[in-house]
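Some notes on the structure that comes next.
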Amino acid sequence: MPKLLGNWRHNSKAIQKCVQTAEQAGYSAFGVQYAGECWSGPLAHMTFSQYGASSRCLNGTGGSWAQDVYMFFSK
């Protein structure tokens, strides 16, 4: 997944900012890594599980070389 513009490391609103950025770009999935790096892309919903699950994520904001992945579902 390519990194989206913005690095909100250690920002209490990192997930919310990533939601807005990914949604505005029209992506249906995104990942937050290393306490606030925002990653996504047009195929993120298909490639997010490429490397399998990780136990290094903390507090919903990923970890070192690990992402918490979020997906948008249509209503």
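Quick notes
- Filter result (in contact (Cβ under 8 Å) with a residue 24 or more places away in the chain, touching an Asp or Glu at 6+ places or on another chain (Cβ under 9 Å) and among the aliphatic types (A, V, I, L, M)) within segment 20-60: 32
- Complete set of residues in segment 52-75 that are under 20 Å from residue 11 (Cα atoms), of a type in the set (D, E, K, R) and either modelled with pLDDT under 90 or in a strand (DSSP E or B) (or both): 68
- Considering (1) within 16 Å of residue 63 (Cα to Cα); (2) under 10 Å from the mean Cα position of the chain (by Cα), the lone condition that residue 35 does not fulfil carries the number (2).
The values are calculated or read from the model by the stated rules, or taken from the named source; none is laboratory data. Given the structure is predicted, the values throughout are model-derived calculations rather than measurements. All Cβ positions, glycine included, derive from the backbone under ideal geometry; neighbour counts span all protein chains shown.
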